[in-house]
Every structure is written in structure tokens, then in C-alpha cells.
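Some notes on the structure that comes next.
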């Protein structure tokens, strides 16, 4: 893997537009589980009540999801998004005190919209 890509900070890749672009392009390939966690973190990030340290953690995890080349490249069938899921789950566990039912409901609704 390219050394320059490994030195990149995943947070540098996060933006609302890049998150939604990734979600619409790869949702079906990545799977519901990845985006259930991703959308839950996204909605927690949008909440003004979420503390800055938690938002920083979330941006890092969502940035990793968006990062074009990561530990396990996304184009590898079946396992390509497993590292992304791990990053999202770890971030979710870290900020779980700030994830509320509203975030989970919005995430579930968004997953339903994408996956039917």
C-alpha cells in the first residue's frame, strides 16, 4: 500500500457531502450494518449536544469510511468494508453515551430508505 496514503489523516477526508456521496455509491456493496453504524454516528455528529471530543472521534471514523484506500481496500469482495465497520463500531462504543434514540431512529429510517 502506498506509504503516502497510510500517512493520511482519515478526518481530512470527512465532509457531509463526501459522506453522502460514499453512502449513495457503495451502500449496497458495504451493507446495511456498515451504514446503520455510519448513519447513527452521522446524526450524533449533527447534534449540537454532542461534545467536541465525541465529534472528533466520529469525524475520524466517518473519514476512515470515506478514505479511498485503507487497511483493507473497499473493492475486495466480502471483506472490503470489514475494517470500516470495525472503525465505526469502535467509534460508536467510544461515544455511546452521546448516541440517543433520535440518532438511532434517523439512522434506521435512512437505512430503510437506502435498502428498502
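No value in this document is a laboratory result; all are computed from the given coordinates. None of these values were measured; they are calculated from a predicted model. Cβ sites come from the backbone with ideal geometry, for glycine too, and all protein chains shown count toward neighbours.
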Exercise for the section: At 7 Å along the Cα-to-beta-carbon direction for both residue 25 and residue 47, put a label point, then send me their distance in nm to one decimal. Expected result: 2.9 nm
Completion exercise
Relative contact order as a percentage, the chain, C-alpha pairs under 8 Å and 6+ apart, gives 38 percent
Fill in the blank from the handout: So residue 56 and residue 90, fully extended at 0.36 nm per residue minus their Cα-Cα distance, gain in nm 10.9 nm
